[in-house]
Amino acid sequence: MEALGALGALALGAALLLRLYALLYYNFVAATRCRNAVSLRGKTVLITGGNAGIGKATAVDLARRGARVVLACRNKARGESAVYDIRRESGNSEVILMILDLGSLNSVRSFAQTYLKSEPHLDILINNAGVFQDGQTSDGFDQAFQVNHLAHFLLTHLLLDRLKRCAPSRIIILSSSWHTFGKINFRTIHKPVEGMWKALRSYGNSKLANILHARELANRLEATNVTCYAVHPGSVRTEIGYSCPWWVVWFLWFVKTFKRDCDAGAQTSIYCATEEGIERLSGRYFVDCHPLEPSSQARDDHMAKKLWEFSERLLGLTT
Ligand SMILES: NC(=O)c1ccc[n+]([C@@H]2O[C@H](COP(=O)([O-])OP(=O)(O)OC[C@H]3O[C@@H](n4cnc5c(N)ncnc54)[C@H](OP(=O)(O)O)[C@@H]3O)[C@@H](O)[C@H]2O)c1
Ligand SMILES: *[C@@H]1O[C@H](CO)[C@@H](O)[C@H](O)[C@H]1NC(C)=O
């Protein structure tokens, strides 16, 4: 009798564990795949930070679809080695490298100039590069705020006419579910964050800025046939955050088993870049190839407009 009871408890325990694993697996690890077979022959794609992680996996897929893919990377050696891999994996030799360091606004300006001079087309811009890291850039801004938001804001601004000329065209902005921890305070958002949670806080702020950027951009692009989408790729096994303090790295390492691989993590970016008929969802936030409501702060149109004007002022773009 007692043995039976123990067996029952064991079976129940096992069933509960299995259930928990399934819950974690389907919610965090498995990803909805982008199922369309849209060809990108004749199209040009620009991906920032395409040399690693989600960006590299996205580049491989879009190159397989026949696109000309330009990787915008800060490090020449890492960029060249990625170009080599992507050409080999996709069988497409039209994959090229151009140097862009989002930590320097001058680098963004000279990159845009070179791009506009050498590349006649821009059909899909993917603002993918990102850091989960505290500190300050050479321009004096918070590292995550500049690399993740401000420099991409400038890049998008400088390339917008080319995107309009190539319409229908698209802009994909990588955000994160961590935007829920973000806050926009115009007195401090551009300044390096202090305190124990600084990397987390500036990352959250920048990812909230990403969604607001997409929202306001969509408004301003109405009737141009240029559309834009913010994306949360899921929790993906990449190197992001590995320059954080040891306890953050330890945590990231610990949750690694519950993360999806880069190919799965790239699916929503690929979907937003290629799926036909999603244009009416311009400005929205996508997770697992579906539009999803982000946090209430990320739906604040008034804030989106203010952030736009604030970013313009920081960049000296106002006339
Ligand atoms: N992994 C996740 O779980 C997750 C979750 C939500 C959102 N995201 C977002 O997904 C995007 C891609 O991240 P990932 O996970 O693929 O990270 P990753 O593997 O660390 O890749 C980030 C890419 O950005 C580049 N980059 C960093 N700073 C740069 C700079 N100053 N100038 C130019 N390029 C720079 C990196 O280049 P180097 O190789 O030179 O460092 C690398 O190519 C990010 O925007 C991130 O916020 C990721
Ligand atoms: C947008 O696309 C539609 C449908 O292809 C076209 O009729 C319209 O002229 C385009 N508008 C602009 C501003 O390019």
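Quick notes on this one:
- Top-ranked residue of segment 89-138 - restricted to ones that are under 30 Å from LYS198 (Cβ atoms) and either part of a strand (DSSP E or B) or more than 14 Å from ligand 1 (Cβ to nearest atom) (or both), ranked as farthest from the chain's Cα centre (by Cα): GLN136
- Only strands (runs of 3 or more DSSP E) whose full extent lies in segment 213-319 are considered here, and the ones with at least 1 residues that are surrounded by 13 or more Cβ atoms within 10 Å (Cβ to Cβ) and within 16 Å of ligand 2 (Cβ to nearest atom) are 226-232.
- Single residue of segment 215-260 satisfying the filter (among the β-branched types (Val, Ile, Thr) and closer than 16 Å to LEU163 by Cβ) that is farthest from the chain's Cα centre (by Cα): THR224
- Hey, LEU200 over 16 Å from the mean Cα position of the chain (by Cα), within 16 Å of ligand 1 (Cβ to nearest atom), open to solvent by 30 Å² or more (accessible area, probe 1.4 Å) and under 28 Å from LEU122 (Cα atoms) or not: no
- Residue tally, condition part of a helix (DSSP H, G or I), crowded, with 23+ Cβ neighbours inside 10 Å and hydroxyl-bearing (Ser, Thr, Tyr), over segment 48-88: 1
- Looking only at segment 197-212, and only at residues there that are among the polar types (S, T, N, Q) and either in contact with a Phe, Trp or Tyr (Cβ under 7 Å, 6 or more places away or on another chain) or not in a helix (DSSP H, G or I) (or both), the one that is nearest to ligand 2 (Cβ to nearest atom): SER206
- Some residue of segment 113-136 being modelled with pLDDT of 95 or more, within 16 Å of ligand 2 (Cβ to nearest atom) and in contact with a Phe, Trp or Tyr (Cβ under 8 Å, 6 or more places away or on another chain): yes
- Selection from segment 111-136 of residues that are polar (S, T, N, Q) and in contact with a strand residue (DSSP E or B) (Cβ under 9 Å, 6 or more places away or on another chain): THR114, SER118, ASN127, ASN128, GLN136
- Tally of residues being under 18 Å from LEU307 (Cα atoms), part of a loop (DSSP other than H, G, I, E, B) and open to solvent by 80 Å² or more (accessible area, probe 1.4 Å) across segment 160-196: 3
- Selection of segment 28-47 for residues being among the hydroxyl-bearing types (Ser, Thr, Tyr), over 10 Å from THR274 (Cβ atoms) and part of a loop (DSSP other than H, G, I, E, B) yields only THR32.
- Unique residue being touching a Phe, Trp or Tyr at 6+ places or on another chain (Cβ under 8 Å) and of a type outside the set (Val, Ile, Thr) when the list is LEU71, LEU46: LEU46
- Here segment 167-196 is the region considered, the condition is being within 16 Å of ligand 2 (Cβ to nearest atom) and of a type outside the set (Gly, Ala, Ser), and the residue that is nearest to ALA298 (Cα to Cα) is ILE171.
- Scanning segment 118-147 for residues that are open to solvent by 60 Å² or more (accessible area, probe 1.4 Å) and under 24 Å from ILE86 (Cα atoms) yields SER118, PRO120, HIS121.
The values are calculated or read from the model by the stated rules, or taken from the named source; none is laboratory data. This is a predicted model, so every value here is computed, not measured. Note that each Cβ is placed from the backbone with ideal geometry, even for glycine, and that neighbours are counted across all protein chains shown. The protein model used for the area step is the full one, side chains on, heavy atoms only, and it has no ligands, DNA or RNA in it. Shrake-Rupley method; radii C 1.70, N 1.55, O 1.52, S 1.80 Å.
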